[in-house]
Structure formats: C-alpha cells, structure tokens
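Quick notes on the structure that follows.
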Amino acid sequence: MAIPVIDFSKLDGEERAQTLAQLANGCEEWGFFQLVNHGISDELLERVKKVSSECFKLEREEEFKKSALVKSLNGQKLENVDWEDVFTLLNDNEWPSKTPGFKETMTEYRTELKKLAERIMEVMDENLGLPKGYIKRAFNGGEEDNAFFGTKVSHYPPCPQPELVTGLRAHTDAGGVILLFQDDQVGGLQILKDGQWIDVQPLHNSIVINTGDQIEVLSNGLYKSVWHRVLATTTGNRRSIASFYNPSLKATIAPAPQLVEKANQEVDQAYPKFVFGDYLSIYAEQKFLPKEPRFQSVRAV
C-alpha cells in the first residue's frame, strides 16, 4: 500500500474535477499525500538539497557525533529521545551562517513553499464547501499576514543500533498544513493507516503534504491529522525539510459553522473552540500522546 501521488498541475486543466477528488481523498482517507508537478522548480529543489547537506557536514555533524544522545546509545533501549539533528528556520531567528548560499536558497524556498501551502488551503476550502480563503483567514486571524510559517531542517544520521531508538517518535502535528521535502534515497517515514505502519515512499522532488490537528478541528473531523514516525536506519543520512503553515498564536480556531450544520451537530458536541497558543502549550507537554485528550484539555482553558 502506498500513499496517493497527485499531479498538482492538473488542477489548472481539463482534469480539474478529477484532481480535486484525488485531493479530497488524500485529505479524508489518508491525511498524507505526495504532490508532483507542484510548481516548485527542480533547479531550486536541487539547490535546497545541496545547501542542506553541506550545512549538516559543515555546521552540524561533528556536534551530533559528540552529543549526549550518541554517547547514551550503549545497548539499552532509549525512551523519550529522537535520533535526529534538527534546527528551525523562521523569518526572525538566527540561521546557519557558514554554508555558502544557504540563506539565499532557503529564503527563496520558503517563499515558494508558503505560496504552495496557501494554494493547498484554497483547494481544501473548495472541497469542504467553504468560502475561498476561509482557512487562510482563520489561521491569520483575519486578512493580515499573521500566520506562523516555520521550516524544520532535520537529518537522521546512520544509527549503529536502530532497534534501540526511534528517528522521530510517533505523533500528530499540532498545526495546519505541513509540506515536507524528504530524502529521495533514504526512507524511514511511516504513517499509521488502518492500524498498520505504511512507508511514505521516497519520490524524486515530490512534496509530501499532511494535515495537522488544526485542519482536523476546522474541518470538523472530516480531515483527520494522522500519526507518523521516522525509523532510525543503519545506512544513509536521511534529509527531511518540513515547513509548517500554522495559525498565529492569537488565532481562534473552531470547526467551520457550515460543517457543523452539515453534520447536524450541536456546536458544544463538536470540536472545541480555542486560541491556538493555548493548544500549543498543551501540545508541548503531550506531543507524543493521543490527541483527543489535548482537545478535551483545551476545551477547559
């Protein structure tokens, strides 16, 4: 079983209805799908691969090898840790500075990814029967550009004892729409589908999309966030660049009223209404636990 692969360019042609249906299926039945012909050039993606790999070698690898995590791998199973080197890129934080072309390339990449995220949200609006721009406005708290857009650059180096530690523990994502540019050679990402862990197959220069907890709430449960994890492996250094289009911390998130009415539910029986920052505080402590208690906890805030 493989997650759906969708040609995003066909949204603009004669196969638009069929492509919308494929995207709806990806959101409703899977929570994960891969986009090809997504509008981001191969030339830019190849540069992203190059600078990310060079950055790890120049600025990250030695520190990882000396880390407490690596030293703690001595035959005992490790809990509550991930075999991952990771840093986050925001518009206003400190970026790696020793890798030639890193900042220019990743700034361009983030600009393109944010546009793609907003296109995907418009498709979700259309498929859910919501007004165009509904999800974007909900995440931004109105018409301004307040949404959070962060990019997590991860590497999962070869692990001598992968049976003792996870690359990244199983979780659902707290936020909105996640756009992942994963390694095309080294696998390891898996999603939980119908009680089985399924590989997200590496596919050259595709962008993997998954929906976070806030899309689940806004869609009134039609688009579920999905458990996923990364396995540690003995070979390869898996690159993973995940960009998150999340609500602003002050944004109020609730099921879209149209979808509550459609489901013929009372609002107080559906997902709660909450401020995203409150949800994130709970998530920070419960990331690797089931999501349903998080929704219940934030209801009480």
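Every read-out reported here was derived from the displayed coordinates using simple, explicitly stated rules and does not represent laboratory data. Since the structure is predicted, the reported quantities are computational estimates derived from the model, not experimental observations. With ideal geometry, Cβ positions are generated from the backbone for all residues, glycine too; neighbour counts draw on all protein chains shown.
Tabulated results
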item: Estimated [θ] at 222 nm from DSSP helical runs (n ≥ 4, -39500 (n - 2.57)) normalised by residues in the chain, nearest 500; result: -9500 deg cm²/dmol
item: Largest-first principal axis extents, alpha carbons of the range 220-261, Å; result: 51, 23, 10
item: Cut-off 11 Å between beta-carbons: net charge of the residues surrounding LYS291, Lys and Arg +1, Asp and Glu -1; result: -1
item: Reachable lysines from LYS262, criterion Cα separation under 27 angstrom, eight or more residues apart if same chain; result: LYS132, LYS136, LYS193, LYS224, LYS273, LYS291
item: Under Karplus coefficients 6.51, -1.76 and 1.60, residue-wise ³J(HN,Hα) of the range 242-249 in Hz, glycine/proline x; result: 10, 10, 10, 9, 10, x, 5, 4
item: Amide N proximity, the range 136-152 versus THR252 label position 7 Å along Cα-to-Cβ, cut-off under 12 Å; result: 141-142
item: Alpha-carbon spread of the range 1-135, three principal axes, descending order, Å; result: 54, 38, 27
item: Three semi-axes of the equivalent ellipsoid, the range 97-183, Cα gyration tensor, whole Å, largest first; result: 31, 20, 11
item: Between helix 276-286 and the chain: long-axis angle, C-alpha atoms, 0 to 90°, nearest 10; result: 50
item: Estimated inter-spin distance, LEU289 and GLU261, nm [label 7 Å along Cα→Cβ]; result: 3.7
item: Given the chain, longest segment not containing exposed loop GluC sites (Glu not before Pro) (DSSP; at most 16 other Cβ within 10 Å); result: 145-265
item: Helix 16-25 axis, angle to the chain major axis (alpha carbon atoms, nearest 10°); result: 70
item: Summed side-chain charge close to GLY150 - residues other than GLY150 whose Cβ falls under 14 Å, Lys, Arg +1, Asp, Glu -1; result: 0
item: Charge sum, other residues only, whose C-beta stays under 12 Å from MET124's C-beta, Lys/Arg counted +1 and Asp/Glu -1; result: -3
item: Spin-label model distance (nm) - ASP12 vs ASP278, 7 Å beyond Cα toward Cβ; result: 4.2
item: Ellipsoid equivalent to the chain - semi-axes via the Cα gyration tensor, in Å; result: 31, 23, 19
item: Cα long-axis angle, helix 42-55 against the chain (0 to 90 degrees, to the nearest 10); result: 50
item: Projected label distance in nm at ALA170 and THR88, using a 7 Å step from Cα toward the beta-carbon; result: 2.5
item: Relative pair counts by distance (%), Cα atoms of the range 142-242, 10 Å bins; result: 15, 42, 31, 10, 2
item: Gain upon complete extension [ASP184, LEU78; 0.36 nm per residue less C-alpha separation]; result: 35.4 nm
